[in-house]
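A.B. asks: Just passing along the structure, written as structure tokens.
The values are calculated or read from the model by the stated rules, or taken from the named source; none is laboratory data. Predicted model only: the values in this text are computed from it and were never measured. Glycine also receives a Cβ, built like all others from the backbone with ideal geometry; neighbour counts cover every protein chain displayed. Side chains included, ligands, DNA and RNA excluded: accessible areas come from the protein's heavy atoms. Shrake-Rupley method; radii C 1.70, N 1.55, O 1.52, S 1.80 Å.
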Amino acid sequence: MSNTERTYIMIKPDGVQRGLIGTIIQRFEQRGFILRGLKMMSVEKSHAEAHYADLSSKPFFGGLVEYICSAPVCAMCWEGKDVVKTGRKIIGATNPLASEPGTIRGDFCIDVGRNIIHGSDAVESAQKELALWFPDGVCEYEHAMKPWIYE
Ligand code: RTP
């Protein structure tokens, strides 16, 4: 656990189309996390399949890949202490039926197959996902806010 832990967060096509990019960025920013990478991307099938390789045996895999490739996504790298775990909390449970109000999914979606956002589930998967989505790295800069966030 370090103040420079990083996670991969992706606003899925439905989140982009519904105009939720600003709202989602605001939630991470307000919490105190630092945005290191941000880009809009149309996703190739092979890229989506690589991202979700662990789920390839699931019955919903084909539909999931199709959904991710259906329109652009917003790919992001966020940094901060415990950002992987806290990011998942900010996002809420996978199935919006179980996601608490106040979480992104709990506030903005209804269907598990249209749950608007992805967040890495562990530090190791975050590293793999960031290498896949940001192969050229992210923006390394000194952030003035850090002393006001961490003791
Ligand atoms: P994500 O990877 O997107 O952050 O989601 P997650 O870890 O919370 O959930 P995971 O089990 O990895 O599932 C990945 C995505 O697959 C879709 N899904 N559909 N139809 C279904 O039963 C079903 N289950 C999962 C969701 O879009 C989920 O976010």
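Yes or no, residue by residue, for (1) within 13 Å of the ligand (Cβ to nearest atom); (2) more than 17 Å from Asp121 (Cβ to Cβ); (3) crowded, with 20+ Cβ neighbours inside 10 Å:
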{"residue": "Lys58", "(1), (2), (3)": "yes, no, no"}
{"residue": "Gly63", "(1), (2), (3)": "yes, yes, no"}
{"residue": "Glu66", "(1), (2), (3)": "yes, yes, no"}
{"residue": "Ala71", "(1), (2), (3)": "no, yes, no"}
{"residue": "Val83", "(1), (2), (3)": "no, no, yes"}
{"residue": "Ile90", "(1), (2), (3)": "yes, no, yes"}
{"residue": "Asn95", "(1), (2), (3)": "yes, no, no"}
{"residue": "Pro101", "(1), (2), (3)": "no, yes, no"}
{"residue": "Ile104", "(1), (2), (3)": "yes, no, yes"}
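A.B. asks: Something else about it: Taking helices (runs of 4 or more DSSP H) that fall entirely within region 53-151, which contain at least 2 residues that are in contact with a strand residue (DSSP E or B) (Cβ under 8 Å, 6 or more places away or on another chain)?
C.D. replies: 83-91, 104-108, 123-133
A.B. asks: Sort out which residues of region 106-124 are touching a residue at least 24 places away in the same chain (Cβ under 8 Å) and either within 10 Å of the ligand (Cβ to nearest atom) or among the small types (Gly, Ala, Ser) (or both), and write them in order of number.
C.D. replies: Cys109, Gly113, Arg114, Asn115, Ile116, Ile117, His118, Gly119, Ser120, Asp121, Ala122
A.B. asks: If I filter region 130-143 for residues that are within 13 Å of Gly15 (Cα to Cα) and either open to solvent by 70 Å² or more (accessible area, probe 1.4 Å) or within 13 Å of the ligand (Cβ to nearest atom) (or both), do I get at least one hit?
C.D. replies: No.
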